[in-house]
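Let me begin by presenting the structure, written as structure tokens, before commenting on it.
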Amino acid sequence: MAAIAERVGAQPKAHAQGYLMSWLTTADHKRIGIMYLLASTLFFVVGGLEALMIRIQLSHPGNTFVSPTLYDQLFTMHGTTMIFLAVMPLFIGFINCIVPLQIGARDVAFPRMNALSLWLFVLGGILLNSSWFLGGAPNAGWFNYAPISLTPFNPGPGIDFYDIGLQLAGIGTLMTGINFIATIINMRAPGMSLMRMPLFTWTTFVTSVLILFAFPPFTVNLFLLMFDRLMGANFFNIAKGGNVLLWQHLFWIFGHPEVYILILPAFGIISEVIATFSRKTLFGYDSMVLATIAIGFLAFTVWVHHMFVDGFGPYVNSLFAITTMAIAVPTGVKIFNWIFTMWGGKIKFTTAMLFATGFIPLFVIGGISGVMLAMAPADFQYNDSYFVVAHLHYVLIGGSLMGVLAGAYYWFPKITGRLLNETLGKWHFWLLMIGFNVTFFPMHFLGLLGMPRRVATYSAALGPAVAFWNLVSTIGAFILAISFLFFFYNLFKTLRSGERAGPDPWDGRALEWAISSPAPVYNFAQTPLIRGRDAWWVEKTEGDGRLRAAEAESADGQHHGIHMPSGSIYPFLIALGLMIAGYGAIFGLLLLVAIGLVLAFFSIHRMIVAEDPGEIVEPVGGDGE
Amino acid sequence: MRPVGRLLSGLRWPALLTVLAVALSGCGSYFTSPASVLAPAGPVAARQLSLIQISLYIMLGIFVIVIGLWGWAIIRYRARRNDTREVSRSTGDSRLEILWTVVPLLIVIYLTVLTVQTEFYLTREPNPATSLQVSVTGHQFFWQFQYPGLGISTVHNLYIPVGEKVNLTLTSADVIHSFWVPELGGKTDAIPGYHTYMWLEASRAGSYFGECAQFCGVGHYLMHMTVIALPPAQFQAWVKSMQKKTSSSSAWALEGTRLVAAR
């Protein structure tokens, strides 16, 4: 111990490193969170541009703006990017930035594994997107059904990029899930019992459990496909005894929980924002927690509703229709609790609150169409039509993305120290509301008028109504895109010259508002004592407006520095090695596979055995001042 | 309320109703297509549409209630200038919470009953002795129809008799396709290595737009078909003429058979 103590007395390494190197090596959950947010915002822009090209192509019947070959790549990459590389990592960004603060922790349980998660996601995403320049992007949909994803129907490397890219990003996500389960179970400050945790921390916990159980079947699926495509195995090849529905089952056993991985963190954010700006504690906290857990369980019992038209017969379809509809009950509980949190409050409509309140009607529409889709015999008509496209965007944009944006306006000051401009924010909100509904509401009609999904174009024979609603939808998509120009300009402007936020700009309730903005590297100068739900609000209203330390200063009266994990380049090198091996596998270059794996395993070895003294940081001032 | 009341009495109702009527009459054309779920032409699609309608009306009712509460909350409880109200200290209300758990549960149970009834009705196999059997095979990118009892095979056009249940057994020669004729009924996937099953019936003569609904490759958007429902007598005549053509073994027929077999 003495040797370690001597070493940690040395200068923190981060100061000695260059700026770029300090980001590549960081294990600080806040910096990792920022990089998650940055990278996924870039992927979001890419996915958005793909969506605009799709809408231009569909603006009128028989359009030739893009070829069918390119169109198939566009819709595949749009879905894959938005789900795996944009919305999910945006939430992981907020989770990284905020959850350790909400539970009064120094960092996550495994800081370097956290860095590895980040780099696997970033490099996996880059690998997947590099397919555009290296032989063509994947073109079998984000669901990538066998057998159209198999070599005989899809010889190009696109599907291999999908397979390897998502393996990399998926391992990263899986480790994030493990990390936050461990963090939330083990690292809560004294007094933070489970039933005092903020709702965002609760939804993060349930989301992490979903990740833990949902990603392995998907990883298995990706490996089976890789064996089939790259090594001549026959898991999905019916000519050799394989089975094409195996992919569908494993995919949706993952894919449906994935939907809840994309919405539960939004539920958490909405709960935080609505309570804060209604100036009330969350209504029905216990039932909110129970509903979150119930949704988490039910998420694993409904996957066949994606496969109602596979002909499994009335017993299977009925069973999965019932479990699917059951999810409406806990979800409804949440909606009512949010409304009654506002009830009797003093609601302040900041931009964050606008997004949180706007979330409710949009998500209710998505939920309603969800119940309708759950009715298997009716789904025979909706399935694979634009009705489903409408539904899923009401849930993913009206639900998840509205949650992301509410979180962005709410936590931006905590993350950067500056307040986003409210006027630009309100432009963003209203244009988004108009653009979103104009884009996606007509898609309900398009589905009922017989337009299937994933068609590169449609015939004028489908009639003027189909052409009309498609044009309306395309116009809406551009309004939606313009709304985001306001957002990006706002980000840019605020980072340059935004108003300083101060520690607690919203008169917040959870612990993250008790410390300066941005949070210091060590988060809390002293581990706080939690004295109630809405921990910070309790101190402001019933205490003296300061956090209490969980332990008194040490007996000798001396103040000790804070021991922090030191950074490491190895997480980045592990991810880089696996990425190199991935390119090798895609192009059949065994030497490259070997180089990549050697780099990865060398780095894993170094990361495990190298002595990590950590760093001692001196806190500046106390908390809650 | 008073301004609203004044607005209501001040509106020129006859003029407004005229505008509304014109809009509604024009409305029809925005909700029609040759492949509309909303215009069923047989018992399967009709049953599905009624399920869609019942659930839609119930859901609209829920939407109105939820959005009413939501709207009331955000208007009534927004912070105003010089707002001296005390913020409610309520943290929950178990009676309310039980209410909004139990009522949705009852609604869901009702919808479940309808769902299961319809599901079993649609999947109950009609008597094979009295119904026409057709084997449907999806190919990239066309549909092939074989009438095993009649020795007929067609591509692209499915001929069926009006008022008779038609048993379809589906499979695929390559990737997964999905058979969809919206006006006659919902989809069933055609899956390689599997035989899936559905039945359809056309209540009136006509041709119905059909398509592949499952993404099946670069030509997916072109994979259309037409279901042609003929009165029974005409259908029998078509069967006879087809059997004659098939037995004549013309060069065209042989070439067609060879091409299909080569897929």
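Checking the a/c ratio against 1.5 first, then a/b against b/c, what shape does the Cα gyration tensor give for the stretch A:243-380?
It comes out prolate by the Cα gyration axes.
Taking the Cα centre of chain A as origin, work out the dipole magnitude from +1 charges on Lys and Arg Cβ and -1 charges on Asp and Glu Cβ, in debye rounded to 20. Mind showing how you got there, number by number?
Details: 31 positive and 32 negative charges, 157 e Å.
Here chain A has a charge dipole of around 760 debye.
If you average the C-alpha positions of the stretch A:259-283 and of the stretch A:417-470 separately, how far apart do those two centres end up, in angstrom?
26
Once both axes come from the Cα atoms, what is the angle between helix A:88-102 and the longest principal axis of chain A, in degrees from 0 to 90, rounded to 10?
Long axis of A:88-102 versus the principal axis of chain A: about 20 degrees.
Peptide B:87-96: average number of partner chain Cβ atoms within 10 Å per residue? Walk me through the intermediate numbers first.
Numbers: counts 7, 11, 3, 9, 9, 11, 4, 3, 0, 6.
Average per residue, whole number: 6.
Checking the table A:Lys346/A:Lys414; B:Lys165/B:Lys187; A:Lys280/A:Lys540; A:Lys426/A:Lys540; A:Lys280/A:Lys426 against a 18 Å threshold on Cα-Cα, which pairs fail? Spell out each step's value before the answer.
Values: A:Lys346/A:Lys414 23 Å; B:Lys165/B:Lys187 16 Å; A:Lys280/A:Lys540 14 Å; A:Lys426/A:Lys540 30 Å; A:Lys280/A:Lys426 23 Å.
Table pairs above 18 Å Cα-Cα are A:Lys346/A:Lys414; A:Lys426/A:Lys540; A:Lys280/A:Lys426.
Round to a whole angstrom and tell me the spacing of the C-alpha centers of the stretch B:187-247 and the stretch A:485-531.
The stretch B:187-247 and the stretch A:485-531 have Cα centres separated by 62 Å.
To the nearest 10 degrees, how steep is helix A:422-448 against the longest Cα principal axis of chain A, on a 0 to 90 scale?
So the inclination is approximately 30 degrees.
For the stretch A:146-225, compute Rg over Rh where Rg is the Cα radius of gyration and Rh is the Kirkwood radius from the inverse mean 1/r over Cα pairs.
On the way: Rg = 17.7 Å, Rh = 14.7 Å.
Over the Cα atoms of the stretch A:146-225, Rg/Rh equals 1.21.
Pull out a ≥ b ≥ c, the square roots of the eigenvalues of the alpha-carbon gyration tensor of the stretch B:53-161, then state rounded if a/c is under 1.5, prolate if not and a/b is larger than b/c, and oblate in the remaining case. Present the calculation step by step, with values, prior to reporting the outcome.
Values: a/c = 5.52, a/b = 2.97, b/c = 1.86.
Prolate.
The stretch A:570-610 to the stretch A:141-201: how many Å between their Cα centroids?
So the two Cα centres are separated by 20 Å.
Return the aspartates and glutamates within reach of A:Lys240: Cα separation strictly under 12 angstrom, same-chain partners fewer than 8 residues apart disregarded; answer none if there are no such residues.
A:Asp228
Convex hull over the alpha-carbon atoms of the stretch B:132-262: what's its volume per residue in Å³?
On the way: hull volume 12.9 nm³, N = 131.
Spread over its residues, the Cα hull of the stretch B:132-262 gives 98 Å³ apiece.
Can you list the residues in the stretch A:437-456 whose accessible area drops by at least 20 Å² when all protein chains are present, compared with the chain alone? Use a 1.4 Å probe, heavy atoms only.
A:Phe445, A:Leu448, A:Leu449, A:Gly450, A:Pro452, A:Arg454, A:Val455
Of all the accessible heavy-atom surface of chain A, with the other protein chains kept in place and a 1.4 Å probe, what percent is carbon and sulfur? It would help to have the intermediate numbers written out before the result.
Details: 14730 of 20910 Å².
Of the solvent-accessible surface of chain A, carbon and sulfur hold 70 percent.
Give me the residues in the stretch B:28-43 whose solvent-accessible area, probe 1.4 Å, is reduced by at least 50 Å² once all protein chains are included instead of the chain isolated.
SASA drop of 50 Å² or more in the stretch B:28-43: B:Tyr30, B:Phe31, B:Val37.
Could you work out the helix-only [θ] at 222 nm for the protein assembly as shown, with each DSSP H run of four or more residues adding -39,500 (n - 2.57) and the total divided by the number of residues, to the nearest 500 deg cm²/dmol?
Details: 28 runs with 512 residues, N = 888.
The helix-only estimate for the protein assembly as shown comes to -19500 deg cm²/dmol at 222 nm.
Find out how many positive minus negative residues lie around A:Leu128, taking Lys and Arg as positive, Asp and Glu as negative, among other residues whose Cβ is under 14 Å from that of A:Leu128. Present the calculation step by step, with values, prior to reporting the outcome.
Working: positive: none; negative: A:Glu50, A:Asp160, A:Asp163.
Around A:Leu128, the surrounding residues sum to -3.
Taking the convex hull of the Cα atoms, report for the stretch B:171-223 its projected area averaged over all directions, in nm². List each step's numbers first, then the result.
Working: hull surface 15.5 nm².
Over every viewing direction, the Cα hull of the stretch B:171-223 projects on average to 3.9 nm².
Could you report the protein assembly as shown's accessible area per residue, 1.4 Å probe, as an integer in Å²?
On the way: 34830 Å² over 888 residues.
Per-residue accessible area for the protein assembly as shown comes out at 39 Å².
Roughly how many percent of the accessible protein surface of the stretch B:170-222 is carbon and sulfur, given a 1.4 Å probe and a whole-percent answer?
Working: 660 of 1260 Å².
Carbon and sulfur atoms account for 52 percent of the accessible area of the stretch B:170-222.
Taking 40 Å² as the minimum loss, tell me which residues in the stretch A:329-356 lose that much accessible area going from the chain by itself to the full protein complex (1.4 Å probe).
Output list: A:Val329, A:Val333, A:Phe336, A:Ile339, A:Phe340, A:Trp343, A:Gly344, A:Lys346, A:Ile347, A:Phe349.
What does the average come to when, for each residue of peptide B:44-53, you count the partner chain Cβ atoms lying within 10 Å of its Cβ? Before the final figure, lay out the partial values.
Values: counts 3, 2, 0, 2, 7, 3, 1, 8, 9, 1.
Across B:44-53, the average partner-chain Cβ count within 10 Å equals 4.
When all alpha-carbon pairs of the protein assembly as shown are counted, what percent fall beyond 52 Å? Intermediate values should be presented prior to the final figure.
Values: 80372 of 393828 pairs.
Summing the P(r) tail past 52 Å for the protein assembly as shown gives 20 percent.
Over both sides of the A-B contact, add up the buried accessible area with a 1.4 Å probe and give it to the nearest 100 Å².
On the way: alone 24540 and 17560 Å², together 34830 Å².
When A and B are taken together, about 7300 Å² of accessible area is lost.
Against the longest alpha carbon principal axis of chain A, how many degrees, from 0 to 90 and to the nearest 10, is the axis of helix A:244-278 turned?
Its long axis makes an angle of about 50 degrees.
What order, most packed first, do the peptides A:76-86, A:374-384 have when packing is the mean number of other Cβ atoms within 10 Å of each residue? Could you put the intermediate results ahead of the total?
On the way: A:76-86: 24.5, A:374-384: 27.3.
By packing density, highest mean first, the sequence is A:374-384, A:76-86.
The values are calculated or read from the model by the stated rules, or taken from the named source; none is laboratory data. All values derive from a computational prediction rather than experimental measurement. Cβ: placed from backbone, ideal geometry, glycine included. Neighbour counts: every protein chain shown. The accessibility values were calculated without ligands, DNA or RNA, using every heavy atom of the protein model including side chains. Shrake-Rupley method; radii C 1.70, N 1.55, O 1.52, S 1.80 Å.
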